[in-house]
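Down below is the structure, laid out as structure tokens.
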Amino acid sequence: MTVDPCTTSPALGLVTIGQAPRTDLAGDIAPLLGGVHVREHGALDGDVLDGEEGARTRARLAPAPDEPPLVSRLRDGGSVVLGHEALAPRMRNAVARCEADGAGATLLLCTGNFPPIPATRPVLYAEPLVQRGVRAVVGDAEVGVVCPLPEQADDVTRRWAALLPGRVLAEAADPYAPDAGEQLARAASHLAARGARWLVLDCIGYTEPMRRTAARAAGRPALLARALAVRLAAEAATAVGPAGRG
């Protein structure tokens, strides 16, 4: 009898606020998983986001006027700007689908600030995993945080400054833009010139090559949100062990 390794090995659910699969993520995280299998679902997997129907959906999912925006990748490589409140029911549904697929723990692939999601197994939030990991590494050094949108900079600065003892600076660079590399190099250079001793690429959309681009441009070490979150989440999934299906 052949045994399915996915039923006897730990499984980690990955929930993106956009659409799965996240083909831009797979290559970076594979070396970090240590034999943990992945169950991937997106909050917007069931949504049409192009044409007239897509325009209506985007409007429904847009952030409220007083809400900091989120941005995520779509299956076709495009991106979408979203609000926390509009996403909440879809996030709960995606977590449930990961658990139904046998995930022993599920990681929310977004560094936004989401309320607790009801689940039967551990749900891990990228933001606290990343923030506390960064704090342990950088101490009281000045930190430059790169976020996707200029509209996020004030909120990002406030959230990080509440946790880190050193000064926090922020610049924007859209990881999903055609000129993402140029934007990132420019933002990293500006942060170094403003005094940042460490960089944090604070979006799951930033890739390992983007980390290298930022570090080169700034002459500073750069920490990558997706790497920090996935390393810790894979450890949690290993500790929990196989959940089985059903």
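The values are calculated or read from the model by the stated rules, or taken from the named source; none is laboratory data. Keep in mind it's a predicted model, so treat the numbers as computed, not measured. FYI the Cβ positions are ideal-geometry reconstructions off the backbone, even for glycines, and counts take in every protein chain you see. In case anyone asks, the SASA skips ligands and DNA or RNA and just uses the protein heavy atoms, side chains included. Shrake-Rupley method; radii C 1.70, N 1.55, O 1.52, S 1.80 Å.
Could you check how much of the accessible area of the chain is carbon and sulfur, as a whole percent, using a 1.4 Å probe?
The C+S portion of the solvent-accessible surface of the chain is 53 percent.
Please work out the FRET efficiency for the pair residue 216 and residue 67, using the Cβ-Cβ distance as r and a Förster radius of 41 Å; give the result to the nearest 0.05.
The calculated FRET efficiency here is 0.75.
Can you tally the net charge around residue 174? Count Lys and Arg as +1, Asp and Glu as -1, for every other residue whose Cβ sits under 15 Å from the Cβ of residue 174. Display every interim value, and only then the final one.
On the way: positive: 73, 186; negative: 24, 151, 171, 179, 182, 202.
With Lys, Arg at +1 and Asp, Glu at -1, the net is -4.
With both bridge residues required to lie in the chain, what share of the DSSP beta bridges run antiparallel, to the nearest 5%?
15
Compute the accessible area per residue over the stretch 47-150, keeping the other protein chains in place, probe 1.4 Å, unit Å². List each step's numbers first, then the result.
On the way: 4600 Å² over 104 residues.
Result: 44 Å² per residue.
Hey, what do the phi angles of the stretch 189-202 turn into as Karplus ³J(HN,Hα) couplings, whole Hz, using 6.51/-1.76/1.60 and θ = phi - 60°, x for Gly and Pro?
Per-residue couplings from phi come out as 4, 4, 5, 5, 5, 7, x, 5, 9, 10, 10, 10, 8, 9 Hz.
Roughly how big is the stretch 82-192's charge dipole about its Cα centre, with Cβ charges of +1 (Lys, Arg) and -1 (Asp, Glu), in debye to the nearest 20?
440
For the stretch 22-179, what is the largest minus smallest coordinate of the Cα atoms on each principal axis, given in angstrom and ordered from greatest to least?
Computed over the stretch 22-179, the largest-to-smallest principal extents equal 45, 39, 31 Å.
Under a plain spin-label model, where a point goes 7 Å from the Cα along Cα-to-Cβ, how far apart in nm are residue 75 and residue 24?
1.7
Just order 181-192, 97-108 by mean Cβ neighbour count inside 10 Å, highest at the front, would you?
97-108, 181-192
Quick one: grab the alpha carbon gyration tensor of the stretch 88-246, order the square roots of its eigenvalues as a ≥ b ≥ c, and give me rounded if a/c is under 1.5, else prolate or oblate depending on whether a/b is larger than b/c.
Note, shape of the stretch 88-246 comes out prolate.
Pull up all non-local amide H partners of residue 39: gap of 5 or more, or a different chain, and H-to-H distance under 5 Å with H placed in the peptide plane.
For residue 39, whose amide H was placed from the backbone, the distant partners under 5 Å are 12, 13, 14.
Would any residue of the stretch 65-94 have its amide N under 13 Å from a label point 7 Å out along Cα→Cβ of residue 154? List them or say none.
65-69
Given a Förster radius of 45 Å and the C-beta distance between residue 240 and residue 56 as r, what FRET efficiency does 1/(1 + (r/R0)^6) yield to the nearest 0.05?
E(calc), rounded to 0.05, equals 0.70.
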